[in-house]
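Okay, so here's the structure we're looking at.
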Amino acid sequence: MLGVDKKAVRKGIAHHYKHFAPQTGAAEGEKIISPDDYLEKMIQLPIDQPPNEPSHKIDYIKSLLDQNSPYAKYAHLIERGVGENPRSLKRFINLLAFLGRLADTIKEATNDPHVKQHFVPALYLTWAIIVFRYPDEYNRIRGNPSRLFRYQRQARVTDQSEGADNDKPATEIDDRLRAVLAEGP
């Protein structure tokens, strides 16, 4: 099985073979190698996945999660933070499962109650969304957890002038990320 974006593959094929000149006697602009013909030779049984309807996205996300998952009640945040692409959602759920297991291992290994109180599923979820979808924000926050808390405070302020910090203002944070930060613990 091969999951591809046909439009992107067509563009890649056309770009890769752009230097080939049309054959003698071919119509003007006709390519020697047609991206559609190329794909047709490679893919014998094409199965197009229909897009997820907005009303079904939350159900789809919950279906990817274990029924007893502590993240199931945050499916709306996953949808908001990660987006609509089914493949991206599946990849995100895999990352979330990994980060959750890693965080639980760290939590079990520490005796510091202050550290343990911050190891909660909603924090894992918020962090996983940042790691997965917002690499620039991840790099700004990594090694400086207080910045995450400042971003959360700023995202929760309705009048952005009230939440001014010396850090990047919440108005410069992506709207999807701001919504996740505003709602998460």
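The values are calculated or read from the model by the stated rules, or taken from the named source; none is laboratory data. Predicted, not measured: the structure shown is a model, and the values here were computed from it. Using ideal geometry, Cβ is built from the backbone for each residue, glycine included, and neighbour counts are taken over all protein chains shown. Areas reflect the complete protein model, heavy atoms only, side chains present, ligands, DNA and RNA absent. Shrake-Rupley method; radii C 1.70, N 1.55, O 1.52, S 1.80 Å.
Can you find a residue in segment 76-96 that is of a type in the set (A, V, I, L, M) and without any contact (Cβ under 8 Å) to a residue 12 or more places away in the chain?
Just the residues of segment 76-96 that are of a type in the set (A, V, I, L, M), to begin with: 77-78, 82, 89, 93, 95-96.
Still in the list and also without any contact (Cβ under 8 Å) to a residue 12 or more places away in the chain: none.
No - not one qualifying residue is present in segment 76-96.
Tell me which residues, restricted to segment 50-71, are free of Cβ contacts under 8 Å to residues at least 40 places away in the same chain and surrounded by fewer than 16 Cβ atoms within 10 Å (Cβ to Cβ).
Of everything in segment 50-71, those that are free of Cβ contacts under 8 Å to residues at least 40 places away in the same chain and surrounded by fewer than 16 Cβ atoms within 10 Å (Cβ to Cβ) turn out to be P50, P51, E53, P54, S55, H56, I58, D59, S63, D66, Q67, N68.
Got a sec? Which of L77, L89, L102, L125 is farther than 30 Å from K6 by Cα and within 18 Å of the chain's Cα centre (by Cα)?
Details: L77 fails: farther than 30 Å from K6 by Cα; L89 fails: farther than 30 Å from K6 by Cα; L102 fails: within 18 Å of the chain's Cα centre (by Cα).
Within the list L77, L89, L102, L125, the selection yields L125.
Out of all the residues in segment 137-156, is one or more open to solvent by 70 Å² or more (accessible area, probe 1.4 Å) and under 19 Å from Y71 (Cα atoms)? First the steps, then the outcome.
Filtering segment 137-156 down to residues open to solvent by 70 Å² or more (accessible area, probe 1.4 Å) leaves 139-140, 142-143, 145, 149, 153, 156.
This time we only want the ones that are under 19 Å from Y71 (Cα atoms), so: none.
No, segment 137-156 contains no residue that is open to solvent by 70 Å² or more (accessible area, probe 1.4 Å) and under 19 Å from Y71 (Cα atoms).
Find the residue count for segment 75-106, including only residues that are open to solvent by 70 Å² or more (accessible area, probe 1.4 Å) and modelled with pLDDT under 90. Let's see the steps before the verdict.
Taking segment 75-106 as the starting set, the residues that turn out to be open to solvent by 70 Å² or more (accessible area, probe 1.4 Å) are 80, 84, 87, 90-91, 94, 98, 101-102, 105-106.
Right, trim to modelled with pLDDT under 90 and you get 80, 84, 87, 98, 101-102, 105-106.
Going through segment 75-106 one residue at a time, the tally reaches 8.
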